[in-house]
1. Give me a comma-separated list of calculated 3J(HN,Hα) values for the range B:208-219, in order, Karplus coefficients 6.51, -1.76, 1.60 applied at θ = phi - 60°, integers in Hz, x for any Gly or Pro.
2. Step through the residues of the range A:220-227 one at a time and calculate ³J(HN,Hα) from phi using the Karplus curve (6.51 cos²θ - 1.76 cosθ + 1.60, θ = phi - 60°), rounding each to whole Hz and writing x for Gly and Pro.
3. Using only Cα atoms, what is the ratio of the radius of gyration of the range A:41-138 to 2.2 N^0.38 Å?
4. Between the range A:89-165 and the range B:115-169, how many Å separate their Cα centres?
5. Give me the three principal axis extents of the range B:13-123 from the C-alpha atoms, as integers in angstrom, largest value leading.
6. Please give the average number of partner chain Cβ atoms lying within 10 Å of the Cβ of each residue in A:358-368, rounded to a whole number.
7. Tell me the label-point distance for the pair B:Val86, A:Arg240, using the 7 Å Cα-to-Cβ offset, in nm and rounded to one decimal.
8. Under Stokes-Einstein, with the Kirkwood radius over Cα pairs standing in for Rh, what whole-number D in µm²/s applies to chain A at 20 °C and 1.002 mPa s?
Amino acid sequence: MRLFEYEAKEIFRRFGILVPNGAIAGSPDEVDSAVRKVGLPVAIKAQVLVGGRGKAGGIKFADSLEEAVEKAKELMSEKIMGHRVRRILIEEKLDIRHEYYLGVTIDQLSGKPVVVFSKEGGVDVETVTEERPEALISKHVSLSRGLFQFEARDICQQLGLDGAFLLKVSSILHRLYSVFDQYDAMIAEINPLVETNEDKIYAVDAMLEVDDNSLFRHSDIKLDLSRRVEDEIKREATKRRLSYVKLKGDIGVIGSGAGLTMTTIDLIKDFGGEPANFLETGGAITEQLMERAVELMLRDKRLRALLINLYGGINPMPAAAKGIVRAYERLRPKIPILVKLVGNQQEEAWSRLESAGIPVVKEIQTEVAVKKLMSTLGR
Amino acid sequence: MRLMCILVNEKTRIIVQGITGGVGSIQTKLMLDYGSKIVAGVTPGKGGTTVHGVPVYDTVKAAVSEHPADASILFVPAPFIKDATVEAIDSDIKLLVIITEHIPVHDTAYIREQTEFVGARAIGPTTPGIICPGKTKIGIMPANVFMEGNVGIISRSGTLLYEIAGNLTLAGIGQSACVGIGADPVVGTDMMDILRLFEEDEHTKLVAIVGEIGGVQEEEAAKFIRKMTKPVVAYVAGRVASPGERMGHAGAIILRGRGTAQSKIDVLRNAGVRIANRPSDVVGLVKTCLQC
């Protein structure tokens, strides 16, 4: 789960990382008092969970109160890369001398945290990797040992920093690693890290993505899906730990296991159809979960058909079948539903589905199910 | 002794951590039915009971002092998995098969580091486990889609592994071993490690890779495949899937454009791998390669 900038900054601040003076406005009416609190000139920043916000026009500046109110109104009436702007962060505008980049993430291959520090930060930091690799350093960290202060200093020294400045930056790097470590972060990032003309160093932007699977041990983070997830079906799916991605087509897909579900989508496209979504159940199917998944799919008015592709290894197939039947009998969908289901206790599951009048594909090949669905649709 | 299977064989002695839970208990029964040598189970607080005839202990240490074990399969809930794996590692168990899903990535990374320190190996998490058809299964896969033979399969997806193995079995092509490595951001054992074991295993004539988008497992595996003597075929899922929201700059800086289905397919093909466009195409490619 990615936090909003202002939420991430609150955490960074608690860990001793300097952030610009700021205040949140939830409506244009609140901008006035926020600006008075912060002091002019100000930066006006849309709080949306997308990358490339600056380039998409989500950050504006103002020298007067009137200008600030007007620009805040503009931002709140717009969508930034498809996301509604519900809150605005008003911040003091800094006198910037130089922008750096600091980030900590997990290197998926080695399974180790990796610290990345670039002497050139800002919106184009990724091109630094290709064009000026000497301006950038990355270092793997042992998760059980942690990052020592001296290691942070070593990293800064390798990029040519020294003296008081080295000490300041390395201390921010060390603190950022602590945030990463204590918040189970997938990524903790400061871009840009700004050096001002007054020799101060600020985290001007803050990105913190906390691992969804770790939320059980971070009670201070409020999930609050209504503010984070725009799409209603995705929001309901996320609540039930179903993983959902909306696509552009009209054939709904439910699958057990990400690989099988992706394959189903690939094959639909291969046979000339357009998948409407990716919805994956994981390995904890119950009758209720399956009923809910089917119900969620049927809320999507774009659907012309629904394909359900399940495998019984760890998942109980009779319970899955019961759930599908319950949703089917309750909602009486007008679109065709086809179920491909194989694995443990498949016979019992098949007979439940067939007695309810739901067509079943018993072959192991997903291709067979997709072809059958396409011919049902006359495509 | 001639190695008949990678990682495990019919003699591998297994403990089940989390044996008394709903899933742990059912899957223990299915593994016993398959002939897997389960010697003990562990659930803290349930010591002294039995599950399908398997004695249950409160601690791993107590279990292995009565029943020496080579491997552990874990059905422990995610919040307790870090504790349970380190407990097994401390009892000198060298192979951990972690079935549990939704484990925090930091915990998996920690577990991986601990196994590296002591020369143990974790498979998973979110894995269907390992099956050596006809010999043993340390996992949750439905046994009926597998048969004994000489194709090794490595899969990041559980259910897609069943589909592809099932396709091969229907065509009369058996498997030497099938290993699900899991598709979490961090996994205990990489695709490349399993490829190396298959390359050394005289029983395996060909390796099939079942990949999917995300991470760089396939790209790294391709480096090793260039040096392999055995043929490799692959299917990669997720050509249509959208890349999803970017994971900040640090992720992009490290990945440098890798991780998409197309990138994986290109890199594998350049390493000499035959690519199946559909899961059922794997059968034809395997048949051709086994004859060459």
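What follows draws every value from the coordinates through simple rules; no lab data is involved. Just so it is clear, the model here is predicted, and its values are computed rather than measured. Because the Cβ atoms are built from the backbone with ideal geometry, glycine has one as well, and the counts that use them run over all protein chains shown.
1. 10, 9, 10, x, 7, 4, x, x, 10, 4, 5, 4
2. Computed from phi, the couplings for the range A:220-227 are 6, 9, 8, 5, 6, 4, 4, 8 Hz.
3. Values: Rg = 16.7 Å, N = 98, 2.2 N^0.38 = 12.6 Å.
For the range A:41-138, the normalised Cα radius of gyration is 1.33.
4. Cα centroid of the range A:89-165 versus Cα centroid of the range B:115-169: 40 Å apart.
5. 35, 28, 27
6. Details: counts 0, 0, 0, 0, 0, 3, 11, 8, 7, 6, 1.
Per residue, the number of nearby Cβ atoms from other chains is 3 on average.
7. A separation of 3.7 nm, rounded to one decimal place.
8. On the way: Rh = 23.7 Å.
In µm²/s, the coefficient is 90.
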